[in-house]
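Down below is the structure, laid out as structure tokens.
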Amino acid sequence: MCGIVGYIGTQTASEILLSGLEKLEYRGYDSAGVATVHDGQLQCVRAKGKLHHLRDKLEGLENPAQLGIGHTRWATHGKPEEHNAHPHMDNHQRVAVVQNGIIENYRELRAELQERGHQFRSDTDTETIPHTIAEILTQLDGSDRTNAALQATSPLLEAVRQAVNRLEGAFAIAVISADHPDELIVARQQAPLVIGFGQGEFFCASDTPAIVSHTRAVLALENGEIARLTPLGVEIYNFAGDRLRKSPRLLNLNPLLVEKQGFRHFMLKEIYEQPGVIRTCLEAYFNNDWQAGDHEQPPVTLDIPPELYADLEQIEILACGTSWHAGLVGKYLLEQLAGIPTNVQYASEFRYAPSPLRPNVMMVGISQSGETADTLAALATEQQRRNGLDPAYHARLVGITNRPESSLGHLVPHLIDTHAGIEIGVAATKTFLAQLMAFYALALDLGYRRKALTEARIEEIIAGLRQLPAQIEMLLSSQDGAIEELAHEFVETQDFIFIGRGINFPIALEGALKLKEISYIHAEGYPAGEMKHGPIALLDSKVPVVAIAMPGTVYEKVISNAQEAKARDSRIVGVTSLNGKHATDVFDTLLPVPVVDELISPILSVIPLQLLAYHIAARRGLDVDQPRNLAKSVTVE
């Protein structure tokens with residue numbers, strides 16, 4: 001959600017800001033803007049809609065400024081109109097601010113500022129910040145809250161420090177001032193922000209892809225930290241004004257990963273990257289030399305200490321969206337392979353109605369970005385209410401994320417890195433499969449340590465997992481073209497139903513979500529056996545049904561449920577194996593996948609659903625990578 005880019009150095013700022021914002025388009029936005037300082041003046045240009053509108057407005061403007069901030073906005077307070085776009089300025093247009101997150105006490109601040117004569121031009125919470133900073137700048141000399149050392153160094157830094165201490169909520173901000181042309185001030189509280197280090201130039205951004213083409217030396221701000229960037233260097237302070245000593249780290253991120261590399265959309269590129277992601281996970285999680293009877297080493301290496309598993313009685317999984325679907329597959333695996341009762345909770349609900357406290361519970365938080373506000377808040381709440389109790393009740397927190405340097409990585413002591421690489425498309429594809437692989441590793445690790453599985457069965461499952469990359473490659477090469485042709489038939493379709501059972505019910509949910517996200521077609525996923533308990537009333541010739549029928553314990557049941565839908569004139573699309581019994585009799589269209597153990601079938605069965613959603617959306621001429629109203633990283637509640 002939203003994107004921040006800032007620059008101070010020797011180059012022209014506006015092009016750096018624009019190109020950085022383009023790298024953050026995947027986060028979702030509905031307006032954009034930049035502000036620069038040159039020759040004692042602030043210049044602010046904003047535009048509704050996509051970045052090309054902003055670029056068009058900047059075209060032809062002579063702007064040699066070497067200091068500036070930029071922003072892509074995802075509307076929370078106020079409609080997506082130009083007057084609500086960032087950056088926002090004070091009444092005298094001397095201070096400009098961009099912000100991610102939400103200021104919860106903005107109404108009180110706004111009322112106080114209006115009483116002092118400040119006039120507001122937008123409906124946003126953000127606009128209170130430049131007004132607050134400007135107000136403090138006029139009062140600094142007489143303030144009893146002034147940090148004299150900071151004020152002597154930088155009045156702007158001190159004004160921002162005082163301002164952020166008045167803000168309530170989750171935010172990341174970047175501030176420039178016409179009266180302080182050699183300073184860029186940034187601050188973080190519960191929203192991500194990184195600083196990039198160059199040669200005589202410095203950057204800030206809400207995510208690393210915005211600056212990786214310029215530098216790989218970065219420093220992620222922690223909560224409650226503020227930084228002053230000048231052409232001479234970077235100074236870090238806490239919100240109390242104490243100087244901090246911190247060092248940047250080098251990013252291991254290839255700039256080519258944020259390019260399409262010949263694919264029409266990032267989503268399709270990322271679907272095709274999935275075999276490589278599975279190979280990386282296999283290499284990271286599973287010991288190549290292990291086999292049944294080998295007691296010198298375990299089959300799985302997750303670097304989770306044994307005490308976290310000791311006397312484990314229950315697992316709670318917290319997640320949102322696609323990660324929640326991965327958690328549902330994880331529940332099946334943890335219960336069936338490790339014998340541990342597992343609940344999957346929506347993080348947004350759990351934080352307000354947590355489960356009753358029980359001893360020996362492990363909490364697993366899943367977030368692709370590691371910045372999902374609801375998931376972070378739910379984990380923090382659980383940590384707070386458990387710590388200080390009897391040791392058996394202490395929080396056992398594990399995170400599953402694609403971004404180990406994220407807020408989730410800092411919050412939880414134990415992390416499973418999904419190794420998926422940067423994902424640009426808003427609709428999660430390769431990161432979903434990587435999350436599933438993390439759960440296979442976790443479930444097998446627990447099953448092995450608890451002796452809930454025979455070693456022969458563990459060896460059999462791992463052998464099946466090792467076949468998946470080649471099977472996905474075969475599936476993509478054989479099915480992509482056919483699914484693209486099939487998509488033509490659904491361009492005008494308004495409703496879809498997805499059904500599955502057992503471990504593939506979550507895949508039905510995920511298939512429906514993918515279609516909703518990028519094609520804007522109403523789609524619902526159901527357990528196949530529940531169709532006759534209500535949803536079957538929706539079916540007719542205009543509502544196609546996609547049934548996931550993988551050979552195994554529930555195959556015949558799904559076939560029967562698909563037959564019930566066919567009897568209501570629905571067109572039935574079947575995701576099933578090449579040798580599925582009765583499949584050709586029931587399904588009008590087959591999307592065949594290789595024959596695999598039912599337990600690992602979700603990793604294959606989801607591929608045709610990803611391709612179907614992609615090709616329908618592409619055929620409808622929609623913005624596949626940046627669907628309307630959605631954001632890649634949901635950093636607000």
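Just to verify a result, which residue in segment 554-600, among those that are touching a residue at least 12 places away in the same chain (Cβ under 8 Å) and polar (S, T, N, Q), is farthest from Ala463 (Cα to Cα)? That would be Ser570.
Just to verify a result, which residue in segment 149-169, among those that are assigned to a loop (DSSP other than H, G, I, E, B) and under 33 Å from the mean Cα position of the chain (by Cα), is surrounded by the fewest Cβ atoms within 10 Å (Cβ to Cβ)? Ranking the qualifying residues of segment 149-169, first place goes to Glu168. Checking Thr126, Thr132 one by one, the residue that is buried (at least 23 other Cβ atoms within 10 Å of the Cβ) and in a helix (DSSP H, G or I) is Thr132 and no other.
Condition check ((1) more than 20 Å from Leu590 (Cα to Cα); (2) of a type outside the set (Asp, Glu); (3) touching a strand residue (DSSP E or B) at 6+ places or on another chain (Cβ under 7 Å); (4) not assigned by TED's automatic domain parsing to the domain that holds Leu590) across all residues:
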| site | (1), (2), (3), (4) |
| --- | --- |
| Gly481 | no, yes, no, no |
| Arg501 | no, yes, yes, no |
| Leu509 | no, yes, yes, no |
| Leu513 | yes, yes, no, no |
| Tyr520 | yes, yes, no, no |
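The residues of segment 322-339 that are surrounded by 21 or more Cβ atoms within 10 Å (Cβ to Cβ), over 18 Å from Pro527 (Cβ atoms) and out of contact with any Gly (no Cβ under 6 Å at 6 or more places or on another chain), listed by number, are Thr322, Ser323, Leu334.
Looking for something among the acidic types (Asp, Glu) and either without any contact (Cβ under 8 Å) to a residue 12 or more places away in the chain or in contact with a Ser or Thr (Cβ under 7 Å, 6 or more places away or on another chain) (or both) - is there at least one such residue anywhere in segment 83-104? No - not one qualifying residue is present in segment 83-104. Meeting the requirement of 1 or more residues that are touching an Asp or Glu at 6+ places or on another chain (Cβ under 8 Å), charged (D, E, K, R) and in the same structural domain as Pro130 (by TED's automatic domain parsing), the strands (runs of 3 or more DSSP E) wholly within segment 32-110 are 41-48, 67-73. In a residue-by-residue description of segment 181-199, the property of being touching a helix residue (DSSP H, G or I) at 6+ places or on another chain (Cβ under 7 Å) and in a helix (DSSP H, G or I) applies to no position. Considering segment 253-343, the qualifying helices (runs of 4 or more DSSP H), each wholly inside and each with 1 or more residues that are under 23 Å from the mean Cα position of the chain (by Cα), over 20 Å from Tyr440 (Cβ atoms) and in contact (Cβ under 8 Å) with a residue 60 or more places away in the chain, run over 266-272, 321-338.
For segment 373-421, the candidate set comprises residues that are part of a strand (DSSP E or B) and of a type in the set (D, E, K, R); within that set, the residue that is surrounded by the fewest Cβ atoms within 10 Å (Cβ to Cβ) is Asp417. Any residue at all in segment 5-28 that's over 22 Å from Cys204 (Cα atoms) and not in a loop (DSSP other than H, G, I, E, B)? Taking every residue of segment 5-28 in turn, none turns out to be over 22 Å from Cys204 (Cα atoms) and not in a loop (DSSP other than H, G, I, E, B).
Of the residues screened, Val554 is one that is crowded, with 18+ Cβ neighbours inside 10 Å and over 23 Å from Ile278 (Cβ atoms). Taking the conditions (1) among the aliphatic types (A, V, I, L, M); (2) at pLDDT 95 or above; (3) surrounded by fewer than 21 Cβ atoms within 10 Å (Cβ to Cβ) in turn, Ala174 satisfies each one other than (3).
When we screen His92, His77, His86, His53 for residues that are buried (at least 22 other Cβ atoms within 10 Å of the Cβ) and either at pLDDT below 90 or not basic (Lys, Arg) (or both), the only hit is His86. Is one or more of the residues making up segment 422-445 in contact with a Pro (Cβ under 6 Å, 6 or more places away or on another chain), of a type in the set (D, E, K, R) and not in a helix (DSSP H, G or I)? No, because not a single residue in segment 422-445 is in contact with a Pro (Cβ under 6 Å, 6 or more places away or on another chain), of a type in the set (D, E, K, R) and not in a helix (DSSP H, G or I). Scanning segment 446-461 for residues that are surrounded by fewer than 24 Cβ atoms within 10 Å (Cβ to Cβ) and either touching a Ser or Thr at 6+ places or on another chain (Cβ under 8 Å) or hydrophobic (A, V, I, L, M, F, W, C) (or both) gives Ala452, Leu453, Ala456, Ile458, Ile461. Just one of the numbered conditions (1) closer than 30 Å to Ile462 by Cβ; (2) modelled with pLDDT under 95; (3) touching a helix residue (DSSP H, G or I) at 6+ places or on another chain (Cβ under 9 Å) is not true of Phe266: (1).
Scoring Val596 on the criteria (1) in a loop (DSSP other than H, G, I, E, B); (2) loosely packed, with under 15 Cβ neighbours inside 10 Å leaves a single failure, condition (2).
The rows are residues; the columns are (1) modelled with pLDDT of 90 or more; (2) out of contact with any helix residue (DSSP H, G or I) (no Cβ under 6 Å at 6 or more places or on another chain).
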position: Thr576; (1), (2): yes, no
position: His582; (1), (2): no, no
position: Asp585; (1), (2): no, yes
position: Leu612; (1), (2): yes, no
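The values are calculated or read from the model by the stated rules, or taken from the named source; none is laboratory data. All of these numbers come straight from a predicted model, not from anything done at the bench. A quick note on method: Cβ atoms are made from the backbone with ideal geometry, for glycine too, and the neighbour counts reach across all protein chains shown.
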